[in-house]
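A.B. asks: I have a structure I would like to understand better, so I am pasting it below and will then ask my questions one at a time.
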Amino acid sequence: MGTPAPRPDSAERAEIFRGLVESRRAVRRFTAEAVPDTVIRDCLELAVLAPSSCNLQPWSFQVVRNPELLQQLQSVCLGQNAAKAPLIIAVLARPNTWEQACADVLRLWPEPAVPKAIEHFYQNSAPFQYNQGWLGWRGLLKRQMVRLTGFKRPVMRSPNSLEQMRLWAVKSTALAAQNLMLAFQSHGYSTCPMEGFDEQRLKQVLPVPKDAIPIMLLAVGMPGERAVYNPRLRFPLDQSVSWH
């Protein structure tokens, strides 16, 4: 049997999406034109539609438009030109919000009654999986249990430590960050994900929660002159893809 022919509308959507992705570049210089609040909110709403592990949504965003704070962030970002954007969004991974998230899933369930299986998962299974205990002592015990159980059958081997919880939160938050960049691109605004910044000084400028992991500062705005520094370069696809 051959591959089914795509529906006409699916081919059109694929072309639109390809154009959106291909047009996104890391823009290093921005104009002073402000980004409307309606656009910012719409893009954030699209960002949080990203998938997350167990739907626990371990992310938060700090939207910076205040000129004084933006000025302070320029030095935090080591003087990068992109940091002169009229809007910067701090994208934060939140590994310690899992407990509140479990409660929120049940509290905000979009149906009149929460299914018993869902209730059991978020009251029992998820807390067992994500609670690492004080200084990670629960995680240590769970790693021993997983090691023994894993000899007999496949098991979920992580997150079973505080460090794995950090990775867990960062992975889901990165998905939301990509949604956020593409959302701004769809509105005609450019972005630059900045990882080069002083995390300690960032916490002196913004009220970053103690447990939060700043994974990027996203510069947003209209591209200025010489906004893109270099032509796009990507390694050959076969260099990073295996077919089985």
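Just so it is clear, none of the values below were taken in a lab; they were calculated from the coordinates. The structure presented is a predicted model; accordingly, all values stated were derived computationally and were not measured. All Cβ positions, even for glycine, are placed from backbone atoms using ideal geometry, and neighbour counts span all protein chains on display.
A.B. asks: Does residue 101 satisfy being within 21 Å of residue 218 (Cα to Cα) and among the small types (Gly, Ala, Ser)?
C.D. replies: Spelling it out, it is not the case that residue 101 is within 21 Å of residue 218 (Cα to Cα) and among the small types (Gly, Ala, Ser).
A.B. asks: Sticking with this one: Please go through (1) among the β-branched types (Val, Ile, Thr); (2) closer than 25 Å to residue 48 by Cα; (3) touching a Phe, Trp or Tyr at 6+ places or on another chain (Cβ under 7 Å) for residue 76 and return the number of the only condition it doesn't satisfy.
C.D. replies: (2)
A.B. asks: How many of the residues making up the range 149-172 are in contact (Cβ under 8 Å) with a residue 24 or more places away in the chain and touching a Lys or Arg at 6+ places or on another chain (Cβ under 8 Å)?
C.D. replies: Matching residues across the range 149-172 total 3.
A.B. asks: For the condition within 30 Å of residue 228 (Cβ to Cβ), out of contact with any strand residue (DSSP E or B) (no Cβ under 6 Å at 6 or more places or on another chain) and of a type in the set (Ser, Thr, Tyr), what is the one hit in 75, 60?
C.D. replies: So the residue among 75, 60 that is within 30 Å of residue 228 (Cβ to Cβ), out of contact with any strand residue (DSSP E or B) (no Cβ under 6 Å at 6 or more places or on another chain) and of a type in the set (Ser, Thr, Tyr) is 75.
A.B. asks: Shifting gears a bit: Give the range 209-244 a look and list any residue that's among the hydrophobic types (A, V, I, L, M, F, W, C) and either surrounded by 10 or more Cβ atoms within 10 Å (Cβ to Cβ) or touching a His at 6+ places or on another chain (Cβ under 7 Å) (or both), or say none.
C.D. replies: The answer is 212, 213, 215, 216, 217, 218, 219, 220, 222, 227, 228.
A.B. asks: Still on this structure, I have one more. Take the conditions under 27 Å from the mean Cα position of the chain (by Cα), surrounded by fewer than 15 Cβ atoms within 10 Å (Cβ to Cβ) and closer than 30 Å to residue 33 by Cβ and apply them to residue 106. Does it pass?
C.D. replies: no
A.B. asks: Tell me the residue from 183, 126, 93 that is among the small types (Gly, Ala, Ser) and in contact with a strand residue (DSSP E or B) (Cβ under 8 Å, 6 or more places away or on another chain), please.
C.D. replies: Of 183, 126, 93, the one residue that is among the small types (Gly, Ala, Ser) and in contact with a strand residue (DSSP E or B) (Cβ under 8 Å, 6 or more places away or on another chain) is 93.
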